[in-house]
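Down below is the structure, laid out as structure tokens.
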Amino acid sequence: MPEISVVAPVYNQRAETLAELVRRLSISISAVTEDFDIVLVDDGSVNDAWMVISNLARTDPKVRGFRLARNFGQHVAITAGLDHADGNWVVVMDADLQDRPEVIPELYAKAQEGYDVVFVNRAQRPESFIYRMVAAFFYLILNALSGQDYNRLQGNFSIVSANAVRAFRLLREPGRFYGGILRWVGFRHGSITAAHAARDAGQTSYSFIKRVRFAV
């Protein structure tokens, strides 16, 4: 059982992006512990992402790759990764480098204060004004319908204890909403604030609709 597992859903990321993700994760997490692994879940990519993941796993024993039969969506891919993440702590993040690996030591330190779930509040977001307005409207409607108070500054970037991961695994609804399920199962939640980086290159591999379609 590693101290930290990282779960990252992958959809059509470039080879350079995935290699850089693994490189930066290795450097960042090594500042905390050498006992970690990286779980990359190919969510039905139509480019060479799976071949890249396979090569990374062959050359780096800390990398494990899993391939879904088709594109099921980001939240299902996260669930598949969590099903195979054995760490005492599990970091969930995007693979496009907008979630900065360098934030992980701060996430881990916050969790040691007694939190089972710590999310990153995204500051300095590089998305367009229209994207931010649509996201704000979505969370306004989501909070009204759910009776919850979801923070629109939070994406999936988080660290979760093994206990919370085990509770998450018990809920097998086909409609998946990572943040919503974690809120429902309870445990003590915390947050930190960190800058959200620009995408490594190209267009987002998960559209806004794909990111939230299982939440409604």
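Worth a mention:
- Residues in the chain average 46 Å² of solvent-accessible surface per residue, probe 1.4 Å, ligands and nucleic acids excluded.
- Mean residue ellipticity (222 nm) of the chain, computed from DSSP H runs ≥ 4 via -39,500 (n - 2.57), nearest 500: -11500 deg cm²/dmol
- Candidates Met93, Met133, Met51, ranked by Gaussian network fluctuation over the chain, Cα under 10 Å, top entry: Met133
- Counting all C-alpha pairs of segment 8-53, share separated by more than 13 Å (%): 54 percent
- Of the solvent-accessible surface of the chain, computed with a 1.4 Å probe over protein heavy atoms with every protein chain present, carbon and sulfur atoms account for 56 percent.
- Amide H contacts of Gly190 (H built 1.01 Å from N, under 5 Å, at least 5 apart or other chain): Val117, Val118, Phe119
- Residue of Phe187, Phe119, Phe137 that the Gaussian network model of the chain assigns the largest fluctuation, springs spanning Cα pairs under 10 Å: Phe137
- Measuring nothing but alpha carbons in segment 1-90 and taking Rh as the Kirkwood radius, the Rg to Rh ratio lands at 0.95.
- Overall Cα dimensions of the chain, principal axis frame, Å, largest first: 48, 38, 34
The values are calculated or read from the model by the stated rules, or taken from the named source; none is laboratory data. Just so we're clear, the structure is a prediction, and the values are computed from it rather than from any experiment. Side chains included, ligands, DNA and RNA excluded: accessible areas come from the protein's heavy atoms. Shrake-Rupley method; radii C 1.70, N 1.55, O 1.52, S 1.80 Å.
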